[in-house]
1. List pairs: first in the stretch 5-17 and under 10 Å from GLY214 (Cα atoms) and basic (Lys, Arg), second assigned to a strand (DSSP E or B) and open to solvent by 70 Å² or more (accessible area, probe 1.4 Å), Cβ under 7 Å, 6+ apart or cross-chain?
2. Any residue at all in the stretch 59-70 that is under 17 Å from GLU218 (Cα atoms) and open to solvent by less than 30 Å² (accessible area, probe 1.4 Å)?
3. Can you tell me which residue within the stretch 12-35, out of those that are open to solvent by less than 10 Å² (accessible area, probe 1.4 Å) and within 9 Å of ligand 1 (Cβ to nearest atom), is farthest from the chain's Cα centre (by Cα)?
4. Output the residues belonging to the stretch 194-229 that are open to solvent by 80 Å² or more (accessible area, probe 1.4 Å), outside any loop (DSSP other than H, G, I, E, B) and at pLDDT below 80.
5. Considering only residues of the stretch 170-193 that are modelled with pLDDT of 90 or more and β-branched (Val, Ile, Thr), which is farthest from the chain's Cα centre (by Cα)?
6. Regarding the stretch 23-31, can at least one residue be identified that is within 25 Å of ARG148 (Cα to Cα) and not in a loop (DSSP other than H, G, I, E, B)?
7. Can you name every residue in the stretch 85-111 that is farther than 19 Å from GLY143 by Cβ and either of a type in the set (Lys, Arg) or open to solvent by 60 Å² or more (accessible area, probe 1.4 Å) (or both)?
Amino acid sequence: GGSVRFDNVLFHYDEERPILKGVSFEVPAGKTVAIVGPSGAGKSTISRLLFRFYDVSGGAITVDGQDIRDVQQLSLRQNIGMVPQDTVLFNDTLLYNIGYGRPSASREEIEDAARMAQISEFVKSLPNGFDTEVGERGLKLSGGEKQRVAIARTILKAPPILVLDEATSALDSHTEQEIQTALDQVSQNRTTLVIAHRLSTVIGADEIIVLEAGKIKERGRHADLLAQG
Ligand code: ADP
Ligand code: ADP
């Protein structure tokens, strides 16, 4: 399960200014759709609406064919995993951070998740009570490393639907590559919505939607969009 559909979605935070002006797309179960576009286009608004932090002003959002207004909010959110741009960590080991809220997860499952998220060597070198901000070698966890902790948490939660928010990141290309590998692992066989700034980070998506000023400007696969220029 896990298909997501936006049908002619209209949205405004306030009456004067429409933000989404009739957005329609579908993420079939197990597929990946990326939404790219300039800052202010409405990309994050789409993920907020999917989590039902706000209700649509027009049109409808359905998950597995059910209008999300008819679904209990808790069960909706339990079905959706979010890898945010910024992750706040507890002042404890990364293993603790990954397993937090998952009392049934075994040590082995947590370590597997860390491995898939490309942070396992890192996790093993951490002593108990480790300060995750400043490491034993005086290293500070980078944004990319924190993001991989969030990815590991999501792997453990194993939600049918994933929202990956990559919209920030002024990451160096090595870090970006590592995160990309981790994200590819989590999104396998999972319904995935990727929010991104740049086309270069969403090459493998089944469909890419270019959003501008609340409207879909173009859509297609990576190669199609490049061909159009
Ligand atoms: P993107 O993710 O593409 O950068 P957003 O969805 O965050 O765009 O924002 C789209 C537009 O909605 C922007 O013009 C932004 O200023 C506006 N906006 C975002 N959040 C709010 C809010 N809570 N209240 C009013 N306007 C908002
Ligand atoms: P869980 O314990 O199942 O991870 P949480 O109580 O942390 O769930 O959150 C419920 C769901 O809502 C999760 O899927 C989480 O990813 C999502 N969620 C919580 N807060 C936010 C947020 N600020 N933005 C996006 N998604 C969120």
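The values are calculated or read from the model by the stated rules, or taken from the named source; none is laboratory data. Since we're looking at a predicted model, the values are computed, not measured. Every residue, glycine as well, gets a Cβ built from its backbone with ideal geometry; the counts of neighbours run over all protein chains shown. Just so you know, the surface numbers come from the protein's heavy atoms only, side chains and all, with ligands and any DNA or RNA stripped out. Shrake-Rupley method; radii C 1.70, N 1.55, O 1.52, S 1.80 Å.
1. Every condition considered, no pair remains.
2. Within the stretch 59-70, not a single residue is under 17 Å from GLU218 (Cα atoms) and open to solvent by less than 30 Å² (accessible area, probe 1.4 Å).
3. LEU20
4. Residue satisfying the conditions is GLN228 alone.
5. Of everything passing the filter in the stretch 170-193, THR191 is farthest from the chain's Cα centre (by Cα).
6. yes
7. TYR96, TYR100, ARG102, PRO103, SER104, ARG107, GLU108, GLU109
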